[in-house]
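**Student:** So that we are looking at the same thing, I have put the structure below in C-alpha coordinates.
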Amino acid sequence: MKNSQRVAVLALSALMMAALLLVAGVAFGSSTMGRALVRSMLPAGVAEAWLGPDAGFPLQASVLQKVEGTFFKPVDAAALEEGAIRGMLAGLDDPYTAYFDPEEYANLLVHTQGSYSGVGIVVEMRFGFVTVVSTFKESPAEQAGVRPGDVIVAVDEEGVQGKSLDQVVTRIKGPEGTEVNLRLYRPASGSKVMPPVVEGDTGELPPGGETINLLLTRRAVSPPVLETEVLERDGMKVAHISFFTFSEGSGDKLRAEVEAVMEKEVPDAVILDLRSNGGGLVDEAVKVAGIFLPKGTVVATTEGRHWPKETLTAHSGYTSQVPLLVLVDGFTASASEIVAGALLDNGRATLVGERTFGKGLIQSIQALSNGGAVKITMAVYLTPSGADINGEGIEPNVEAPDDPETEDVDETLEKALQVIADRS
(Lines give C-alpha, C1' and ligand atoms only; values in the text may rest on other atoms or scores of the structure.)
Protein backbone atom coordinates (compact mmCIF):
# COMPACT_ATOMS: atom_id res chain seq x y z
CA MET A 1 0.00 0.00 0.00
CA LYS A 2 1.29 3.47 -0.88
CA ASN A 3 2.19 5.86 1.93
CA SER A 4 -0.52 8.33 0.91
CA GLN A 5 -3.14 5.58 0.97
CA ARG A 6 -1.89 4.34 4.36
CA VAL A 7 -2.16 7.87 5.84
CA ALA A 8 -5.68 8.25 4.45
CA VAL A 9 -6.76 4.91 5.93
CA LEU A 10 -5.29 5.81 9.35
CA ALA A 11 -6.97 9.19 9.33
CA LEU A 12 -10.28 7.59 8.39
CA SER A 13 -9.89 5.05 11.16
CA ALA A 14 -9.21 7.81 13.66
CA LEU A 15 -12.31 9.69 12.53
CA MET A 16 -14.44 6.56 12.81
CA MET A 17 -13.13 5.94 16.33
CA ALA A 18 -13.93 9.56 17.25
CA ALA A 19 -17.46 9.08 15.93
CA LEU A 20 -17.87 5.95 18.06
CA LEU A 21 -16.70 7.84 21.13
CA LEU A 22 -19.12 10.64 20.34
CA VAL A 23 -22.03 8.23 20.11
CA ALA A 24 -20.96 6.65 23.38
CA GLY A 25 -21.18 10.04 25.06
CA VAL A 26 -17.51 10.15 25.96
CA ALA A 27 -16.17 12.71 23.50
CA PHE A 28 -16.79 16.44 23.16
CA GLY A 29 -17.88 17.56 26.58
CA SER A 30 -19.08 14.71 28.75
CA SER A 31 -15.57 13.61 29.70
CA THR A 32 -12.26 15.40 29.71
CA MET A 33 -10.60 11.98 29.46
CA GLY A 34 -12.57 11.26 26.32
CA ARG A 35 -11.56 14.57 24.80
CA ALA A 36 -7.93 13.84 25.60
CA LEU A 37 -8.22 10.41 24.00
CA VAL A 38 -9.75 11.79 20.80
CA ARG A 39 -7.19 14.57 20.77
CA SER A 40 -4.37 12.03 20.89
CA MET A 41 -5.74 10.18 17.86
CA LEU A 42 -6.47 13.14 15.59
CA PRO A 43 -4.03 15.24 13.56
CA ALA A 44 -3.33 18.58 15.24
CA GLY A 45 -5.36 20.63 12.74
CA VAL A 46 -8.36 18.32 12.98
CA ALA A 47 -8.15 18.26 16.81
CA GLU A 48 -8.14 22.05 16.89
CA ALA A 49 -11.19 22.25 14.63
CA TRP A 50 -13.15 19.54 16.44
CA LEU A 51 -12.17 20.12 20.03
CA GLY A 52 -11.48 23.84 20.11
CA PRO A 53 -8.41 25.84 21.09
CA ASP A 54 -7.67 23.71 24.16
CA ALA A 55 -6.46 21.02 21.75
CA GLY A 56 -3.08 22.75 21.80
CA PHE A 57 -2.53 22.11 25.53
CA PRO A 58 -1.58 18.43 25.78
CA LEU A 59 0.08 18.78 29.18
CA GLN A 60 -3.08 20.16 30.77
CA ALA A 61 -5.13 17.44 29.08
CA SER A 62 -2.75 14.81 30.43
CA VAL A 63 -3.09 16.16 33.98
CA LEU A 64 -6.88 16.19 33.72
CA GLN A 65 -6.86 12.65 32.39
CA LYS A 66 -4.74 11.45 35.30
CA VAL A 67 -6.92 13.31 37.82
CA GLU A 68 -10.11 11.83 36.42
CA GLY A 69 -8.58 8.39 36.41
CA THR A 70 -7.02 8.38 39.87
CA PHE A 71 -8.48 11.10 42.14
CA PHE A 72 -10.21 9.62 45.19
CA LYS A 73 -13.37 11.79 44.93
CA PRO A 74 -15.69 12.75 42.06
CA VAL A 75 -14.16 15.46 39.90
CA ASP A 76 -16.03 18.71 39.20
CA ALA A 77 -14.83 19.36 35.67
CA ALA A 78 -16.32 22.87 35.56
CA ALA A 79 -14.50 23.87 38.75
CA LEU A 80 -11.23 22.50 37.38
CA GLU A 81 -11.73 24.42 34.15
CA GLU A 82 -12.43 27.69 35.99
CA GLY A 83 -9.44 27.15 38.26
CA ALA A 84 -7.24 26.52 35.25
CA ILE A 85 -8.39 29.77 33.63
CA ARG A 86 -7.76 31.81 36.76
CA GLY A 87 -4.37 30.18 37.22
CA MET A 88 -3.39 30.87 33.63
CA LEU A 89 -4.25 34.55 33.97
CA ALA A 90 -2.44 34.74 37.32
CA GLY A 91 0.66 33.59 35.48
CA LEU A 92 0.62 36.88 33.57
CA ASP A 93 1.57 38.69 36.80
CA ASP A 94 -0.96 41.46 36.09
CA PRO A 95 -3.49 42.08 38.88
CA TYR A 96 -5.78 43.89 36.44
CA THR A 97 -6.23 40.98 34.00
CA ALA A 98 -8.97 38.75 35.39
CA TYR A 99 -11.64 36.15 34.63
CA PHE A 100 -15.35 36.64 35.41
CA ASP A 101 -17.61 33.64 35.74
CA PRO A 102 -21.12 34.07 34.23
CA GLU A 103 -22.63 35.42 37.46
CA GLU A 104 -19.77 37.86 38.05
CA TYR A 105 -19.94 39.08 34.46
CA ALA A 106 -23.70 39.61 34.66
CA ASN A 107 -23.22 41.67 37.82
CA LEU A 108 -20.42 43.64 36.18
CA LEU A 109 -22.67 44.56 33.24
CA VAL A 110 -25.34 45.80 35.63
CA HIS A 111 -22.80 47.86 37.60
CA THR A 112 -21.27 49.49 34.52
CA GLN A 113 -24.73 50.60 33.41
CA GLY A 114 -25.03 52.56 36.65
CA SER A 115 -28.16 50.82 37.97
CA TYR A 116 -26.64 49.48 41.15
CA SER A 117 -26.14 50.29 44.78
CA GLY A 118 -23.20 49.91 47.10
CA VAL A 119 -21.40 51.44 50.05
CA GLY A 120 -19.67 54.36 48.32
CA ILE A 121 -16.00 53.46 48.09
CA VAL A 122 -13.39 53.51 45.34
CA VAL A 123 -10.80 50.73 45.55
CA GLU A 124 -7.64 49.74 43.70
CA MET A 125 -5.30 46.76 43.86
CA ARG A 126 -2.11 47.72 45.67
CA PHE A 127 0.67 45.13 45.85
CA GLY A 128 -1.92 42.34 45.79
CA PHE A 129 -4.28 43.93 48.35
CA VAL A 130 -7.63 45.58 47.64
CA THR A 131 -7.07 49.07 49.03
CA VAL A 132 -9.58 51.85 49.61
CA VAL A 133 -8.73 54.90 47.51
CA SER A 134 -11.59 57.18 48.52
CA THR A 135 -15.10 57.30 49.94
CA PHE A 136 -18.03 59.29 48.59
CA LYS A 137 -19.39 62.03 50.79
CA GLU A 138 -22.35 61.00 52.94
CA SER A 139 -22.03 57.40 51.73
CA PRO A 140 -22.42 54.41 54.08
CA ALA A 141 -18.65 53.90 53.96
CA GLU A 142 -17.81 57.49 54.91
CA GLN A 143 -20.41 57.55 57.66
CA ALA A 144 -18.97 54.31 59.08
CA GLY A 145 -15.46 55.79 59.15
CA VAL A 146 -13.82 53.97 56.24
CA ARG A 147 -10.62 55.78 55.23
CA PRO A 148 -8.33 55.88 52.20
CA GLY A 149 -5.57 53.34 52.80
CA ASP A 150 -7.80 50.81 54.53
CA VAL A 151 -7.24 47.29 53.15
CA ILE A 152 -10.25 45.06 52.54
CA VAL A 153 -9.43 41.68 54.04
CA ALA A 154 -12.81 39.91 53.82
CA VAL A 155 -16.33 40.44 52.49
CA ASP A 156 -19.14 38.69 54.35
CA GLU A 157 -16.61 36.63 56.32
CA GLU A 158 -14.97 35.29 53.15
CA GLY A 159 -11.35 36.26 52.56
CA VAL A 160 -10.54 38.16 49.37
CA GLN A 161 -6.85 37.29 49.05
CA GLY A 162 -6.26 35.89 45.58
CA LYS A 163 -9.45 37.43 44.20
CA SER A 164 -9.33 39.99 41.42
CA LEU A 165 -10.26 43.59 42.09
CA ASP A 166 -13.47 43.30 40.09
CA GLN A 167 -14.50 40.13 41.88
CA VAL A 168 -14.21 41.90 45.22
CA VAL A 169 -16.09 44.96 43.96
CA THR A 170 -18.88 42.74 42.63
CA ARG A 171 -19.26 41.13 46.05
CA ILE A 172 -19.36 44.46 47.88
CA LYS A 173 -22.09 45.87 45.65
CA GLY A 174 -25.63 44.51 45.78
CA PRO A 175 -29.33 45.32 46.04
CA GLU A 176 -30.24 48.49 47.90
CA GLY A 177 -31.18 47.87 51.52
CA THR A 178 -29.14 44.68 51.88
CA GLU A 179 -26.17 44.45 54.23
CA VAL A 180 -22.53 43.63 53.61
CA ASN A 181 -19.90 42.88 56.23
CA LEU A 182 -16.46 44.32 55.52
CA ARG A 183 -13.36 43.33 57.45
CA LEU A 184 -10.68 46.01 57.06
CA TYR A 185 -7.05 46.26 58.04
CA ARG A 186 -6.05 49.82 58.88
CA PRO A 187 -2.27 50.37 58.83
CA ALA A 188 -0.79 52.42 61.65
CA SER A 189 -0.45 56.13 60.99
CA GLY A 190 2.18 56.84 58.36
CA SER A 191 2.61 53.21 57.26
CA LYS A 192 1.43 51.68 54.00
CA VAL A 193 1.12 48.30 52.33
CA MET A 194 4.66 47.24 51.54
CA PRO A 195 5.73 46.08 48.06
CA PRO A 196 6.83 42.45 47.63
CA VAL A 197 10.44 41.53 48.22
CA VAL A 198 10.42 39.19 45.20
CA GLU A 199 8.89 40.45 41.97
CA GLY A 200 5.58 38.75 41.27
CA ASP A 201 4.81 37.93 44.92
CA THR A 202 2.15 39.62 47.00
CA GLY A 203 3.25 42.47 49.23
CA GLU A 204 2.98 42.55 53.01
CA LEU A 205 0.64 44.36 55.35
CA PRO A 206 2.62 46.63 57.66
CA PRO A 207 2.72 45.61 61.32
CA GLY A 208 1.06 47.61 64.05
CA GLY A 209 -2.29 48.18 62.33
CA GLU A 210 -5.78 47.30 63.52
CA THR A 211 -8.53 45.04 62.17
CA ILE A 212 -11.98 46.63 61.86
CA ASN A 213 -15.30 44.89 61.18
CA LEU A 214 -18.09 46.99 59.72
CA LEU A 215 -21.66 46.03 58.83
CA LEU A 216 -22.84 48.42 56.12
CA THR A 217 -26.23 48.80 54.48
CA ARG A 218 -26.04 49.23 50.73
CA ARG A 219 -27.85 52.11 49.10
CA ALA A 220 -27.84 54.02 45.85
CA VAL A 221 -24.81 56.27 45.80
CA SER A 222 -24.18 59.04 43.28
CA PRO A 223 -20.50 59.96 43.27
CA PRO A 224 -20.01 63.74 43.21
CA VAL A 225 -18.03 65.16 40.31
CA LEU A 226 -16.45 68.23 41.85
CA GLU A 227 -16.52 70.71 44.69
CA THR A 228 -15.23 74.29 44.64
CA GLU A 229 -14.19 76.77 47.30
CA VAL A 230 -12.48 80.13 46.92
CA LEU A 231 -9.79 80.69 49.53
CA GLU A 232 -8.35 84.08 50.45
CA ARG A 233 -4.79 84.23 51.74
CA ASP A 234 -2.45 87.21 51.99
CA GLY A 235 -4.64 89.31 49.74
CA MET A 236 -4.89 86.57 47.09
CA LYS A 237 -7.84 84.61 45.82
CA VAL A 238 -7.23 80.91 45.13
CA ALA A 239 -9.84 78.63 43.55
CA HIS A 240 -9.55 75.18 45.13
CA ILE A 241 -11.40 72.66 42.95
CA SER A 242 -11.65 69.10 44.20
CA PHE A 243 -12.29 66.74 41.27
CA PHE A 244 -13.57 63.33 42.33
CA THR A 245 -14.21 61.16 39.29
CA PHE A 246 -13.61 60.90 35.55
CA SER A 247 -17.15 59.78 34.75
CA GLU A 248 -19.02 60.49 31.54
CA GLY A 249 -19.49 64.24 31.12
CA SER A 250 -17.28 65.15 34.07
CA GLY A 251 -14.71 66.92 31.87
CA ASP A 252 -17.35 69.27 30.51
CA LYS A 253 -18.60 69.96 34.04
CA LEU A 254 -15.10 70.84 35.21
CA ARG A 255 -14.53 73.10 32.22
CA ALA A 256 -17.79 74.96 32.92
CA GLU A 257 -16.82 75.31 36.59
CA VAL A 258 -13.34 76.62 35.79
CA GLU A 259 -14.67 79.15 33.30
CA ALA A 260 -17.37 80.30 35.75
CA VAL A 261 -14.84 80.73 38.55
CA MET A 262 -12.41 82.58 36.28
CA GLU A 263 -15.15 84.98 35.17
CA LYS A 264 -16.76 85.56 38.56
CA GLU A 265 -13.89 85.38 41.03
CA VAL A 266 -10.85 86.14 38.83
CA PRO A 267 -8.56 84.08 41.11
CA ASP A 268 -4.82 84.62 41.32
CA ALA A 269 -4.29 80.83 41.07
CA VAL A 270 -6.16 77.57 40.68
CA ILE A 271 -5.58 74.40 42.71
CA LEU A 272 -6.86 71.24 41.03
CA ASP A 273 -7.20 68.62 43.74
CA LEU A 274 -6.85 65.07 42.39
CA ARG A 275 -6.15 63.37 45.70
CA SER A 276 -7.99 60.07 46.18
CA ASN A 277 -9.31 60.30 42.62
CA GLY A 278 -9.15 56.73 41.33
CA GLY A 279 -9.65 57.72 37.71
CA GLY A 280 -12.24 56.62 35.17
CA LEU A 281 -12.76 57.30 31.48
CA VAL A 282 -9.67 58.23 29.48
CA ASP A 283 -11.65 60.46 27.11
CA GLU A 284 -12.63 62.56 30.12
CA ALA A 285 -8.98 62.75 31.20
CA VAL A 286 -8.09 64.21 27.79
CA LYS A 287 -10.89 66.76 28.19
CA VAL A 288 -9.71 67.74 31.67
CA ALA A 289 -6.11 68.16 30.52
CA GLY A 290 -7.39 70.25 27.62
CA ILE A 291 -8.92 72.77 29.99
CA PHE A 292 -5.45 73.87 31.00
CA LEU A 293 -3.39 73.00 27.90
CA PRO A 294 -3.40 74.56 24.40
CA LYS A 295 -5.22 72.65 21.70
CA GLY A 296 -3.05 69.93 20.14
CA THR A 297 -0.73 69.51 23.13
CA VAL A 298 0.21 65.89 23.80
CA VAL A 299 -1.62 64.45 26.79
CA ALA A 300 -0.43 60.84 26.57
CA THR A 301 0.63 58.11 24.16
CA THR A 302 -0.25 54.42 24.10
CA GLU A 303 1.95 51.37 23.70
CA GLY A 304 1.10 47.66 23.49
CA ARG A 305 2.08 44.51 21.59
CA HIS A 306 -1.32 44.22 19.92
CA TRP A 307 -2.35 47.86 20.25
CA PRO A 308 -1.48 50.55 17.70
CA LYS A 309 0.64 53.39 18.98
CA GLU A 310 -1.60 56.39 19.43
CA THR A 311 -1.09 59.97 20.55
CA LEU A 312 -3.80 61.59 22.67
CA THR A 313 -3.91 65.37 22.36
CA ALA A 314 -5.81 68.17 24.07
CA HIS A 315 -8.69 69.34 21.94
CA SER A 316 -10.59 72.03 23.83
CA GLY A 317 -7.95 74.73 23.43
CA TYR A 318 -8.64 76.59 26.67
CA THR A 319 -5.33 78.42 27.13
CA SER A 320 -5.67 80.40 30.34
CA GLN A 321 -2.24 80.81 31.92
CA VAL A 322 -3.47 81.36 35.46
CA PRO A 323 -0.96 79.71 37.85
CA LEU A 324 -1.98 76.10 38.37
CA LEU A 325 -1.11 73.63 41.12
CA VAL A 326 -2.25 70.02 41.21
CA LEU A 327 -2.61 68.12 44.48
CA VAL A 328 -1.81 64.40 44.33
CA ASP A 329 -1.34 61.51 46.74
CA GLY A 330 -0.82 57.78 46.80
CA PHE A 331 -4.43 57.23 45.71
CA THR A 332 -4.31 59.49 42.68
CA ALA A 333 -4.63 56.81 40.01
CA SER A 334 -5.29 55.98 36.38
CA ALA A 335 -7.00 58.88 34.53
CA SER A 336 -5.93 61.22 37.34
CA GLU A 337 -2.30 60.30 36.70
CA ILE A 338 -2.73 60.86 32.97
CA VAL A 339 -3.86 64.42 33.70
CA ALA A 340 -1.18 65.04 36.33
CA GLY A 341 1.54 63.66 34.05
CA ALA A 342 0.36 65.74 31.10
CA LEU A 343 0.27 68.98 33.09
CA LEU A 344 3.64 68.25 34.68
CA ASP A 345 5.49 67.20 31.53
CA ASN A 346 4.16 70.19 29.58
CA GLY A 347 5.33 72.57 32.30
CA ARG A 348 1.78 73.75 32.94
CA ALA A 349 1.41 72.85 36.62
CA THR A 350 3.31 72.24 39.82
CA LEU A 351 2.45 68.97 41.56
CA VAL A 352 2.19 69.06 45.35
CA GLY A 353 1.65 66.12 47.68
CA GLU A 354 2.84 62.51 47.46
CA ARG A 355 3.91 60.05 44.75
CA THR A 356 0.85 58.87 42.84
CA PHE A 357 -0.56 55.35 42.70
CA GLY A 358 1.04 54.08 39.49
CA LYS A 359 -1.62 52.79 37.12
CA GLY A 360 -2.08 53.77 33.48
CA LEU A 361 -3.57 50.87 31.54
CA ILE A 362 -5.82 50.21 28.56
CA GLN A 363 -8.12 47.26 29.17
CA SER A 364 -10.85 45.42 27.30
CA ILE A 365 -13.56 43.04 28.49
CA GLN A 366 -14.19 40.14 26.12
CA ALA A 367 -17.18 37.82 26.45
CA LEU A 368 -16.67 34.03 26.54
CA SER A 369 -18.80 31.17 25.24
CA ASN A 370 -19.83 30.09 28.76
CA GLY A 371 -21.45 33.44 29.56
CA GLY A 372 -18.42 34.69 31.45
CA ALA A 373 -15.76 37.13 30.31
CA VAL A 374 -12.10 37.97 30.59
CA LYS A 375 -10.69 41.43 31.19
CA ILE A 376 -7.30 41.83 29.56
CA THR A 377 -4.73 44.59 29.81
CA MET A 378 -3.94 45.52 26.21
CA ALA A 379 -1.58 48.48 26.46
CA VAL A 380 -0.18 51.16 28.73
CA TYR A 381 -0.41 54.93 28.72
CA LEU A 382 2.82 56.90 28.64
CA THR A 383 3.17 60.50 29.79
CA PRO A 384 4.21 63.11 27.19
CA SER A 385 7.86 62.57 28.18
CA GLY A 386 7.47 58.83 27.46
CA ALA A 387 7.40 57.70 31.10
CA ASP A 388 5.59 54.46 31.99
CA ILE A 389 4.01 55.19 35.38
CA ASN A 390 2.74 51.66 36.05
CA GLY A 391 4.07 50.48 39.38
CA GLU A 392 6.08 53.70 39.68
CA GLY A 393 3.63 56.58 39.93
CA ILE A 394 4.55 60.24 39.48
CA GLU A 395 6.81 62.11 41.88
CA PRO A 396 5.44 65.57 42.79
CA ASN A 397 7.53 68.73 42.50
CA VAL A 398 6.84 69.50 46.15
CA GLU A 399 6.60 66.68 48.68
CA ALA A 400 3.87 67.50 51.19
CA PRO A 401 1.91 64.55 52.61
CA ASP A 402 -1.27 65.20 54.56
CA ASP A 403 -1.36 63.88 58.10
CA PRO A 404 -4.66 61.96 58.57
CA GLU A 405 -4.41 62.42 62.33
CA THR A 406 -4.78 66.20 62.04
CA GLU A 407 -8.35 66.33 60.80
CA ASP A 408 -8.61 70.11 61.10
CA VAL A 409 -5.46 70.80 59.08
CA ASP A 410 -4.81 69.87 55.45
CA GLU A 411 -1.04 69.98 55.26
CA THR A 412 -0.95 69.38 51.49
CA LEU A 413 -3.34 72.23 50.74
CA GLU A 414 -1.52 74.54 53.13
CA LYS A 415 1.77 73.80 51.40
CA ALA A 416 0.22 74.56 48.00
CA LEU A 417 -1.05 77.91 49.29
CA GLN A 418 2.44 78.65 50.60
CA VAL A 419 3.97 77.86 47.20
CA ILE A 420 1.52 80.28 45.55
CA ALA A 421 2.30 83.01 48.10
CA ASP A 422 6.05 82.55 47.67
CA ARG A 423 5.70 83.01 43.91
CA SER A 424 3.54 86.12 44.05
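**Student:** Please give the solvent-accessible surface of residue 234 in Å², to the nearest 10, using a probe radius of 1.4 Å with every protein chain present.
**Tutor:** Near enough 140 Å² of accessible area.
**Student:** What is the distance in Å between the Cα centres of region 126-183 and region 333-387?
**Tutor:** Cα centroid of region 126-183 versus Cα centroid of region 333-387: 22 Å apart.
**Student:** Calculate one ³J(HN,Hα) per residue across region 389-398 by plugging θ = phi - 60° into the Karplus curve 6.51 cos²θ - 1.76 cosθ + 1.60, and present them in order as whole Hz with x for glycine and proline.
**Tutor:** 8, 5, x, 10, x, 10, 7, x, 5, 10
**Student:** So which lysines can residue 163 reach, going by Cα to Cα under 19 Å and dropping same-chain residues fewer than 8 places off?
**Tutor:** Once the sequence-local lysines are set aside, what remains near residue 163 is 173, 359, 375.
**Student:** Give the lysines whose C-alpha is closer than 18 Å to that of residue 287, dropping any in the same chain fewer than 8 places away, or say none.
**Tutor:** Within reach: 253, 295.
**Student:** Give the residue list of GluC sites (Glu not before Pro) in region 231-280 that are DSSP loop and have at most 12 other beta-carbon atoms within 10 angstrom. Could the numbers behind the result be given before it?
**Tutor:** Working: sites: 232, 248, 257, 259, 263, 265; in loops: 248, 265.
Passing sites in region 231-280 are 248.
**Student:** May I ask what percent, to the nearest 5, of DSSP beta bridges between residues of region 252-379 are antiparallel? It would help to have the intermediate numbers written out before the result.
**Tutor:** Values: 11 of 19 bridges.
Rounded to the nearest five, the antiparallel share is 60 percent.
**Student:** Ordering 126, 348, 305 from largest to smallest accessible area (1.4 angstrom probe), what's the sequence?
**Tutor:** On the way: 126 65, 348 25, 305 205 Å².
Per-residue accessible area, sorted high to low, gives 305, 126, 348.
**Student:** Which net charge results when you count Lys and Arg as +1 and Asp and Glu as -1 among the other residues whose beta-carbon is under 15 Å from that of residue 270?
**Tutor:** Numbers: positive: 233, 237, 255, 264, 348, 423; negative: 227, 229, 232, 257, 259, 263, 265, 268, 273.
Overall, the nearby charge balance is -3.
**Student:** For region 320-399, which semi-axes, largest first and in whole Å, follow from the square roots of 5 times the eigenvalues of its Cα gyration tensor?
**Tutor:** On the way: eigenvalues 188, 30, 22 Å².
Its equivalent ellipsoid spans semi-axes of 31, 12, 10 Å.
**Student:** Here is a follow-up. Using label points projected 7 Å from each Cα along Cα→Cβ, tell me how many nm separate residue 321 and residue 76, to one decimal.
**Tutor:** Here the answer is 6.6 nm between the modelled labels.
**Student:** Using amide H atoms built 1.01 Å from N in the peptide plane, name the residues 5+ places from residue 299, or on other chains, whose amide H lies under 5 Å from its own.
**Tutor:** Counting only residues 5 or more places away or on other chains, the set is 312, 313, 314.
**Student:** Calculate the length of the line joining the C-alpha centroid of region 393-412 to that of region 205-273, in whole Å.
**Tutor:** 15
**Student:** I'd like the antiparallel share, as a percent to the nearest 5, of DSSP beta bridges with both residues in region 194-315.
**Tutor:** Details: 14 of 20 bridges.
In region 194-315, approximately 70 percent of DSSP beta bridges are antiparallel ones.
The values are calculated or read from the model by the stated rules, or taken from the named source; none is laboratory data. Everything numeric in this text was worked out from a predicted model, so none of it was measured. Using ideal geometry, Cβ is built from the backbone for each residue, glycine included, and neighbour counts are taken over all protein chains shown. Areas reflect the complete protein model, heavy atoms only, side chains present, ligands, DNA and RNA absent. Shrake-Rupley method; radii C 1.70, N 1.55, O 1.52, S 1.80 Å.
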